Amino acid sequence: MPSSPAAARGRRPRLDHESVLRAAEALVDRDGYDALTMTLLAAELDTRVSSLYNHVANLEDLRATLQVRAMTLLGGHVRAAAMGRAGADGLQVLSHSLRAFARDHPHRYAAMTRAPLDREAFFEAAAGTIEALSVMVRSTGLPEDRILQTGMAVFSALHGFVSLEVSGYFGGVDELDTVFAQVIRGAVTAAVLEATEPVAATA
C-alpha cells in the first residue's frame, strides 16, 4: 500500500520552495495549523525531513511564512471586494469578504490571527488589508488620529464573530447571517459615532 499521496502517484515529486509551502498549506487546511510538523510534511511529500531543510530553515520559519502567505491572500480578497467602495457600504462589503475568507480557509485564518512569528514580514503583508480598512473608516469622516484605534475596534468585533463561527462554537445556531449583520451594524455605527462624538477622557 502506498505510504503517501506522492508515493500513490508512483514517483517522488521534485521539491522546491513553493511546492513545500503549498504542501504545508494543504496539510494545514486539512489537519490544522497546530498539526503541522516537519515529519508530517515530509511524509506528505514522500521525502526525508532532512530534504525539507534545503527549502525552509525550520518549522518556525515555515509557520511564519504560512502566516504571511495567509495574510497576503486575505489582503487580495479584501482589496478586491473593497475597490470603489467607501463609508458604511464599504465596511459592510469588507466585513463579508473577511468572513468568506475565514470560512473558506478556517485553519489559515486561525494561524494568521495568532501572534506573528515574523512581525516585520507579517505586517508588511498586512499593509494592504490595513489600508483598505483605514480607507473605509477614514471615509466616515473620522479624524486621522483616531483611524487606527477605530479600525482595530472594528476588526476586533468582526474577528470575534468570525473566529467563533469557524471554530464551530455556533454549531446548530440558526440565523447566523442575521447575527453577523448585527455585528456589522454595531461596528459601522461605532465607526460613525467616533467621527461625530468627542474623545472620552481617560483616567
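The values are calculated or read from the model by the stated rules, or taken from the named source; none is laboratory data. It should be emphasised that the depicted structure is a prediction, and the values quoted were computed from it without experimental measurement. Cβ placement follows ideal geometry from the backbone for every residue including glycine, while neighbour counts extend to all protein chains displayed. To get the accessible areas, we keep the full protein, side chains included, count just its heavy atoms, and leave off ligands, DNA and RNA. Shrake-Rupley method; radii C 1.70, N 1.55, O 1.52, S 1.80 Å.
Using a Gaussian network model on the chain with a 10 Å cutoff between Cα atoms, which of 81, 64, 35 fluctuates the most?
35
Taking Cα atoms, how many degrees apart are the long axis of helix 87-104 and the longest axis of the chain, rounded to 10 and kept between 0 and 90?
Helix 87-104 and the main axis of the chain meet at about 20 degrees.
Skip the ligands, DNA and RNA, and give the accessible area per residue of the chain with a 1.4 Å probe, whole Å².
Details: 11240 Å² over 203 residues.
Accessible surface, normalised per residue, equals 55 Å².
What's the extension gain from residue 38 to residue 50 if we count 0.36 nm per residue and subtract their Cα-Cα distance?
On the way: separation 12, 0.36 × 12 = 4.32 nm, distance 0.91 nm.
Gain on extension, residue 38 to residue 50, equals 3.4 nm.
Could you give the angle, 0 to 90 degrees to the nearest 10, between helix 119-138's Cα long axis and the longest principal axis of the Cα atoms of the chain?
Helix 119-138 sits at roughly 30 degrees to that axis.
So for the pair residue 29, residue 134, with labels modelled 7 Å out along Cα→Cβ, what separation do we get in nm?
With each label point 7 Å from Cα toward Cβ, the separation is 3.2 nm.
Rounded to the nearest 500 deg cm²/dmol, what is the calculated helix-only ellipticity per residue at 222 nm for the chain, with -39500 (n - 2.57) per DSSP H run of length n ≥ 4? Please list the in-between numbers first.
Values: 10 runs with 141 residues, N = 203.
Calculated at 222 nm, the ellipticity per residue is -22500 deg cm²/dmol.
For the chain, find the longest principal axis of its Cα atoms and tell me its angle to the long axis of helix 59-82, 0 to 90°, nearest 10.
Roughly 40 degrees between the two axes.
Run the 1.4 Å probe and let me know the accessible area of residue 17, rounded to the nearest 10 Å².
The accessible area comes out at roughly 90 Å².
Give me the percent of accessible area attributable to carbon and sulfur for segment 57-203, probe 1.4 angstrom. Spell out each step's value before the answer.
Working: 4510 of 7870 Å².
Carbon and sulfur atoms account for 57 percent of the accessible area of segment 57-203.
What residue among 156, 134, 97 has the largest mean-square fluctuation in a Gaussian network model of the chain, using Cα springs under 10 Å?
For the chain, modelled as a Gaussian network with Cα springs under 10 Å, the answer is 156.
In whole Å, what three semi-axes, largest first, describe the equivalent ellipsoid of segment 45-203 built from its Cα gyration tensor (square root of 5 times each eigenvalue)?
Working: eigenvalues 205, 75, 39 Å².
One finds semi-axes of 32, 19, 14 Å for segment 45-203.
Given labels modelled 7 Å from the Cα in the Cβ direction, how far is it in nm from residue 79 to residue 144?
Placing both labels 7 Å beyond Cα along the Cβ direction yields 2.2 nm.
Report the label-to-label distance for residue 178 and residue 152 in nanometres (one decimal), using points 7 Å from each Cα along the Cα→Cβ vector.
3.5
Among the trypsin sites (Lys or Arg not before Pro) within segment 37-75, which fall in a DSSP loop and have no more than 16 other Cβ atoms within 10 Å of their own Cβ? Before the final figure, lay out each step's value.
Numbers: sites: 48, 63, 69; in loops: 48.
Of the trypsin sites (Lys or Arg not before Pro), the ones in loops of segment 37-75 whose Cβ has at most 16 other Cβ atoms within 10 Å are 48.
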